[in-house]
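**Student:** The following block contains the structure, expressed as structure tokens.
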Amino acid sequence: RRDHWQYAGGLPHDEQARIIAAAHGGRGPNADYLHNTASHLADIGMADDELDRLSQAVRALQASMSRP
């Protein structure tokens, strides 16, 4: 909902990825939720290119954060 106070649709793609890569909620890492959502949408034939790009960007950030 664009009228919700937590709506952050205007954030640049890189900022979205950075926040998601580091965020954790009550049900686990936000990145897991993103990756699972993108995967399930693809599985049911409703892939979302923007969501897929965001998921890829988050995976790249996670990989760089896990390197020593």
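The values are calculated or read from the model by the stated rules, or taken from the named source; none is laboratory data. Keep in mind that this is a model prediction, so the values were computed, not measured. No Cβ is skipped: glycine too gets one built from the backbone with ideal geometry, and neighbour counts run over all protein chains shown. Heavy atoms of the whole protein, side chains included, go into the accessibility calculation; ligands, DNA and RNA do not. Shrake-Rupley method; radii C 1.70, N 1.55, O 1.52, S 1.80 Å.
**Student:** Please go through the range 42-68 and give me each residue that is surrounded by 13 or more Cβ atoms within 10 Å (Cβ to Cβ) and touching a residue at least 12 places away in the same chain (Cβ under 8 Å), ordered by number.
**Tutor:** Hits for the range 42-68 are L51, D52, R53, L54, S55, A57, V58, R59, L61, Q62.
**Student:** Based on this model, can you work out whether D52 counts as of a type in the set (D, E, K, R) and touching a Leu at 6+ places or on another chain (Cβ under 6 Å)?
**Tutor:** It is false that D52 is of a type in the set (D, E, K, R) and touching a Leu at 6+ places or on another chain (Cβ under 6 Å).
**Student:** While we're on this one: Which one is farthest from Q56 (Cα to Cα) among residues in the range 1-41 that are open to solvent by 100 Å² or more (accessible area, probe 1.4 Å), outside any helix (DSSP H, G or I) and touching a helix residue (DSSP H, G or I) at 6+ places or on another chain (Cβ under 9 Å)?
**Tutor:** Here the residue is R27.
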